[in-house]
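The values are calculated or read from the model by the stated rules, or taken from the named source; none is laboratory data. Values in this document were obtained by computation on a predicted structure and should not be read as measured data. Reconstructed Cβ throughout: ideal geometry from the backbone, glycine too, with neighbour counts over all protein chains shown.
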Amino acid sequence: MPHKASTPSTSDEAEHPRDARRITRRVGSPRTDTQSRDAHASARGFAHSEPRHDLHDGGGAVFEVPFEAFFDAPAEGSPEAPNETGRGAQHEEAEPQTDRFERTSTSRASRNSRNSRTNEAPGRQRPERSLKGRALGYLSRREYSRAELSRKLMPFTENADELEALLDALEREGWLSDARFAESVVYRRAARVGAGRIVSELKRHAVGDELIEEVNAQLRETELARARAVWQKKYGQLPETPAERARQARFLAARGFSMSIIGKILKGIEDSFEGE
(Lines give C-alpha, C1' and ligand atoms only; values in the text may rest on other atoms or scores of the structure.)
Protein backbone atom coordinates (compact mmCIF):
# COMPACT_ATOMS: atom_id res chain seq x y z
CA MET A 1 0.00 0.00 0.00
CA PRO A 2 1.62 3.34 -1.02
CA HIS A 3 2.79 5.61 1.72
CA LYS A 4 0.87 8.83 1.89
CA ALA A 5 2.80 12.01 2.64
CA SER A 6 1.54 13.76 5.70
CA THR A 7 0.96 17.51 5.75
CA PRO A 8 2.24 19.29 8.86
CA SER A 9 -0.59 20.45 11.03
CA THR A 10 -0.96 23.73 12.87
CA SER A 11 -0.01 22.14 16.18
CA ASP A 12 3.25 20.85 14.65
CA GLU A 13 4.08 24.34 13.41
CA ALA A 14 3.52 25.70 16.90
CA GLU A 15 5.83 23.07 18.38
CA HIS A 16 8.52 23.64 15.75
CA PRO A 17 8.43 27.36 14.91
CA ARG A 18 11.95 27.35 13.43
CA ASP A 19 11.07 24.62 10.94
CA ALA A 20 7.94 26.51 10.06
CA ARG A 21 9.88 29.70 9.40
CA ARG A 22 12.44 27.80 7.36
CA ILE A 23 9.68 26.32 5.16
CA THR A 24 8.05 29.74 4.77
CA ARG A 25 11.34 31.39 3.87
CA ARG A 26 12.06 28.73 1.28
CA VAL A 27 8.69 28.87 -0.47
CA GLY A 28 7.83 32.54 0.17
CA SER A 29 8.26 35.37 -2.25
CA PRO A 30 11.36 37.58 -2.10
CA ARG A 31 9.44 40.53 -0.72
CA THR A 32 7.86 38.44 2.03
CA ASP A 33 11.30 37.08 2.91
CA THR A 34 12.72 40.59 3.18
CA GLN A 35 9.87 41.72 5.38
CA SER A 36 10.38 38.76 7.72
CA ARG A 37 14.08 39.61 8.10
CA ASP A 38 13.24 43.25 8.82
CA ALA A 39 10.70 42.21 11.42
CA HIS A 40 13.25 39.87 13.01
CA ALA A 41 15.85 42.67 13.11
CA SER A 42 13.32 45.06 14.63
CA ALA A 43 12.51 42.53 17.32
CA ARG A 44 16.23 42.38 18.24
CA GLY A 45 16.53 46.16 18.38
CA PHE A 46 18.22 46.74 15.00
CA ALA A 47 15.54 48.75 13.27
CA HIS A 48 16.57 50.12 9.87
CA SER A 49 15.30 53.64 9.37
CA GLU A 50 17.39 54.48 6.33
CA PRO A 51 16.09 53.74 2.83
CA ARG A 52 17.25 50.55 1.15
CA HIS A 53 17.56 49.25 -2.37
CA ASP A 54 16.64 45.64 -3.03
CA LEU A 55 18.66 43.91 -5.68
CA HIS A 56 17.15 40.68 -6.97
CA ASP A 57 19.06 38.02 -8.76
CA GLY A 58 17.50 35.53 -11.09
CA GLY A 59 16.97 32.87 -8.43
CA GLY A 60 14.79 34.95 -6.18
CA ALA A 61 17.48 35.90 -3.62
CA VAL A 62 17.40 39.40 -2.20
CA PHE A 63 20.46 41.61 -1.47
CA GLU A 64 19.82 44.58 0.74
CA VAL A 65 22.30 47.44 0.19
CA PRO A 66 22.20 50.57 2.40
CA PHE A 67 21.46 53.76 0.59
CA GLU A 68 24.69 55.41 1.86
CA ALA A 69 26.81 52.77 0.13
CA PHE A 70 26.26 54.56 -3.20
CA PHE A 71 28.07 57.69 -1.94
CA ASP A 72 31.63 58.35 -0.75
CA ALA A 73 30.80 60.58 2.24
CA PRO A 74 28.47 59.33 5.00
CA ALA A 75 24.99 60.75 4.95
CA GLU A 76 23.82 63.20 7.57
CA GLY A 77 22.48 61.42 10.62
CA SER A 78 24.62 58.31 10.00
CA PRO A 79 26.55 56.69 12.88
CA GLU A 80 29.81 58.34 11.71
CA ALA A 81 28.43 61.85 12.20
CA PRO A 82 28.98 61.93 15.98
CA ASN A 83 32.59 60.80 15.45
CA GLU A 84 33.22 63.71 13.08
CA THR A 85 31.76 66.06 15.66
CA GLY A 86 33.94 64.52 18.36
CA ARG A 87 37.06 64.93 16.24
CA GLY A 88 36.15 68.55 15.61
CA ALA A 89 35.77 69.21 19.33
CA GLN A 90 39.04 67.42 19.95
CA HIS A 91 40.75 69.63 17.37
CA GLU A 92 39.29 72.75 18.95
CA GLU A 93 40.55 71.67 22.38
CA ALA A 94 44.05 71.06 20.97
CA GLU A 95 44.27 74.52 19.42
CA PRO A 96 45.42 76.31 22.62
CA GLN A 97 48.31 73.83 22.99
CA THR A 98 49.28 74.39 19.36
CA ASP A 99 49.19 78.13 19.90
CA ARG A 100 51.48 77.74 22.90
CA PHE A 101 53.97 75.73 20.84
CA GLU A 102 53.83 78.34 18.08
CA ARG A 103 54.45 81.16 20.54
CA THR A 104 57.39 79.27 22.05
CA SER A 105 58.90 78.60 18.64
CA THR A 106 58.42 82.22 17.62
CA SER A 107 60.07 83.56 20.76
CA ARG A 108 62.97 81.12 20.38
CA ALA A 109 63.44 82.11 16.74
CA SER A 110 63.39 85.82 17.59
CA ARG A 111 65.88 85.27 20.39
CA ASN A 112 68.23 83.37 18.07
CA SER A 113 67.93 86.10 15.46
CA ARG A 114 68.82 88.75 18.04
CA ASN A 115 71.86 86.73 19.11
CA SER A 116 72.97 86.28 15.51
CA ARG A 117 72.58 90.01 14.85
CA THR A 118 74.62 90.76 17.94
CA ASN A 119 77.38 88.38 16.87
CA GLU A 120 77.42 89.65 13.31
CA ALA A 121 77.25 93.34 14.16
CA PRO A 122 80.57 95.07 13.39
CA GLY A 123 82.35 96.90 16.14
CA ARG A 124 80.73 94.84 18.91
CA GLN A 125 83.84 92.81 19.83
CA ARG A 126 84.81 92.21 23.45
CA PRO A 127 87.31 94.75 24.76
CA GLU A 128 90.87 93.47 25.08
CA ARG A 129 91.98 92.79 28.65
CA SER A 130 94.76 94.87 30.09
CA LEU A 131 98.07 93.34 31.10
CA LYS A 132 97.25 93.76 34.77
CA GLY A 133 93.83 92.22 34.25
CA ARG A 134 95.44 89.14 32.76
CA ALA A 135 97.91 88.93 35.64
CA LEU A 136 95.15 89.14 38.24
CA GLY A 137 93.19 86.50 36.34
CA TYR A 138 96.12 84.08 36.59
CA LEU A 139 96.76 84.86 40.27
CA SER A 140 93.09 84.34 41.14
CA ARG A 141 93.40 80.66 40.21
CA ARG A 142 96.60 79.71 42.07
CA GLU A 143 99.91 81.04 43.35
CA TYR A 144 102.61 81.93 40.81
CA SER A 145 106.27 82.71 41.18
CA ARG A 146 107.51 85.97 39.72
CA ALA A 147 109.44 84.22 36.94
CA GLU A 148 106.51 81.96 36.01
CA LEU A 149 104.04 84.85 35.83
CA SER A 150 106.48 86.83 33.72
CA ARG A 151 106.64 83.98 31.19
CA LYS A 152 102.83 83.84 31.08
CA LEU A 153 102.45 87.58 30.40
CA MET A 154 105.33 88.01 27.97
CA PRO A 155 103.32 87.09 24.81
CA PHE A 156 100.85 89.94 25.54
CA THR A 157 103.33 92.81 25.66
CA GLU A 158 106.36 94.01 23.74
CA ASN A 159 107.58 96.36 26.45
CA ALA A 160 109.78 94.50 28.93
CA ASP A 161 110.06 97.52 31.21
CA GLU A 162 106.28 97.76 31.47
CA LEU A 163 106.12 94.08 32.42
CA GLU A 164 108.79 94.45 35.13
CA ALA A 165 107.03 97.49 36.52
CA LEU A 166 103.78 95.56 36.68
CA LEU A 167 105.43 92.65 38.52
CA ASP A 168 106.97 95.05 41.04
CA ALA A 169 103.57 96.63 41.63
CA LEU A 170 101.92 93.24 42.13
CA GLU A 171 104.56 92.30 44.72
CA ARG A 172 104.08 95.57 46.58
CA GLU A 173 100.32 95.14 46.62
CA GLY A 174 100.63 91.59 47.91
CA TRP A 175 99.20 89.86 44.84
CA LEU A 176 102.49 88.16 43.91
CA SER A 177 104.81 86.35 46.35
CA ASP A 178 107.54 83.74 45.84
CA ALA A 179 107.25 82.72 49.49
CA ARG A 180 103.56 81.89 49.13
CA PHE A 181 104.32 80.01 45.94
CA ALA A 182 106.94 77.88 47.74
CA GLU A 183 104.51 77.17 50.56
CA SER A 184 101.85 76.06 48.09
CA VAL A 185 104.30 73.68 46.41
CA VAL A 186 105.28 72.14 49.74
CA TYR A 187 101.63 71.81 50.74
CA ARG A 188 100.70 70.03 47.50
CA ARG A 189 103.75 67.78 47.11
CA ALA A 190 105.33 67.01 50.51
CA ALA A 191 103.04 64.08 51.32
CA ARG A 192 104.02 62.22 48.13
CA VAL A 193 107.58 63.18 47.23
CA GLY A 194 110.85 63.90 48.96
CA ALA A 195 112.78 67.10 49.47
CA GLY A 196 114.83 66.53 46.32
CA ARG A 197 111.79 66.70 44.04
CA ILE A 198 110.39 69.79 45.75
CA VAL A 199 113.70 71.64 45.61
CA SER A 200 114.03 70.84 41.90
CA GLU A 201 110.56 72.25 41.22
CA LEU A 202 111.34 75.48 43.08
CA LYS A 203 114.56 75.92 41.14
CA ARG A 204 112.68 75.36 37.86
CA HIS A 205 110.39 78.27 38.73
CA ALA A 206 113.38 80.50 39.56
CA VAL A 207 112.63 80.88 43.24
CA GLY A 208 115.47 82.57 45.15
CA ASP A 209 118.28 80.42 46.59
CA GLU A 210 117.77 81.71 50.11
CA LEU A 211 114.13 80.72 50.06
CA ILE A 212 114.99 77.29 48.62
CA GLU A 213 117.49 76.60 51.44
CA GLU A 214 114.90 77.54 54.01
CA VAL A 215 112.32 75.18 52.48
CA ASN A 216 114.90 72.39 52.21
CA ALA A 217 115.79 72.66 55.88
CA GLN A 218 112.15 72.40 56.89
CA LEU A 219 111.60 69.34 54.71
CA ARG A 220 114.66 67.50 56.08
CA GLU A 221 113.17 67.54 59.55
CA THR A 222 110.25 65.35 58.44
CA GLU A 223 111.92 63.51 55.57
CA LEU A 224 112.19 60.10 57.27
CA ALA A 225 108.59 60.08 58.48
CA ARG A 226 107.26 61.13 55.09
CA ALA A 227 109.38 58.54 53.27
CA ARG A 228 108.18 55.80 55.59
CA ALA A 229 104.53 56.78 54.96
CA VAL A 230 105.05 56.61 51.18
CA TRP A 231 106.82 53.24 51.44
CA GLN A 232 104.18 51.83 53.82
CA LYS A 233 101.38 52.72 51.43
CA LYS A 234 103.13 51.08 48.48
CA TYR A 235 104.77 48.01 50.05
CA GLY A 236 104.43 47.78 53.82
CA GLN A 237 106.84 44.84 54.08
CA LEU A 238 110.64 44.78 54.16
CA PRO A 239 112.34 43.20 51.13
CA GLU A 240 113.48 39.59 51.47
CA THR A 241 115.57 39.32 48.32
CA PRO A 242 118.17 41.62 46.73
CA ALA A 243 115.90 42.06 43.70
CA GLU A 244 113.01 43.17 45.87
CA ARG A 245 115.28 45.52 47.81
CA ALA A 246 116.50 47.12 44.58
CA ARG A 247 112.93 47.54 43.33
CA GLN A 248 111.80 49.31 46.50
CA ALA A 249 114.90 51.51 46.50
CA ARG A 250 114.23 52.61 42.92
CA PHE A 251 110.66 53.49 43.83
CA LEU A 252 111.70 55.75 46.72
CA ALA A 253 114.52 57.35 44.72
CA ALA A 254 112.10 58.24 41.93
CA ARG A 255 109.97 60.03 44.51
CA GLY A 256 112.88 62.31 45.42
CA PHE A 257 114.08 60.76 48.68
CA SER A 258 117.82 60.64 49.38
CA MET A 259 119.78 57.37 49.51
CA SER A 260 120.49 57.73 53.22
CA ILE A 261 116.78 57.98 53.93
CA ILE A 262 116.08 55.01 51.62
CA GLY A 263 118.68 52.88 53.45
CA LYS A 264 117.09 53.64 56.80
CA ILE A 265 113.64 52.71 55.49
CA LEU A 266 114.74 49.39 53.98
CA LYS A 267 116.68 48.44 57.12
CA GLY A 268 113.66 49.15 59.29
CA ILE A 269 115.30 51.92 61.28
CA GLU A 270 112.70 53.85 63.28
CA ASP A 271 114.84 56.64 64.73
CA SER A 272 114.43 60.21 63.54
CA PHE A 273 116.75 61.74 61.01
CA GLU A 274 118.13 65.25 61.35
CA GLY A 275 119.90 66.66 58.36
CA GLU A 276 122.49 65.14 56.11
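In this structure, is Lys203 free of Cβ contacts under 8 Å to residues at least 40 places away in the same chain, surrounded by fewer than 14 Cβ atoms within 10 Å (Cβ to Cβ) and under 45 Å from the mean Cα position of the chain (by Cα)? Answer is no for this residue.
Taking the stated definitions as given, is Gln237 assigned to a loop (DSSP other than H, G, I, E, B), outside the structural domain of Leu136 (by TED's automatic domain parsing) and free of Cβ contacts under 8 Å to residues at least 12 places away in the same chain? Spelling it out, Gln237 is indeed assigned to a loop (DSSP other than H, G, I, E, B), outside the structural domain of Leu136 (by TED's automatic domain parsing) and free of Cβ contacts under 8 Å to residues at least 12 places away in the same chain. Cβ-Cβ contacts under 8 Å between residues 6 or more apart (or on different chains), taken from a first residue in segment 242-254 that is under 25 Å from Val199 (Cβ atoms) and loosely packed, with under 14 Cβ neighbours inside 10 Å to a second residue that is among the acidic types (Asp, Glu) and modelled with pLDDT under 95, are absent. Could you tell me whether segment 232-250 includes any residue that is modelled with pLDDT of 95 or more and under 45 Å from the mean Cα position of the chain (by Cα)? No: segment 232-250 contains no residue that is modelled with pLDDT of 95 or more and under 45 Å from the mean Cα position of the chain (by Cα). Just one of the numbered conditions (1) in the same structural domain as Arg151 (by TED's automatic domain parsing); (2) touching a Lys or Arg at 6+ places or on another chain (Cβ under 8 Å); (3) acidic (Asp, Glu) is not true of Asp168: (2). Just wondering, is there one or more residues in segment 177-189 that are among the hydrophobic types (A, V, I, L, M, F, W, C) and more than 30 Å from Arg250 (Cα to Cα)? The answer is yes, given that some residue of segment 177-189 is among the hydrophobic types (A, V, I, L, M, F, W, C) and more than 30 Å from Arg250 (Cα to Cα).
Based on this model, can you work out whether Arg146 counts as surrounded by 12 or more Cβ atoms within 10 Å (Cβ to Cβ), modelled with pLDDT under 95 and not small (Gly, Ala, Ser)?
no
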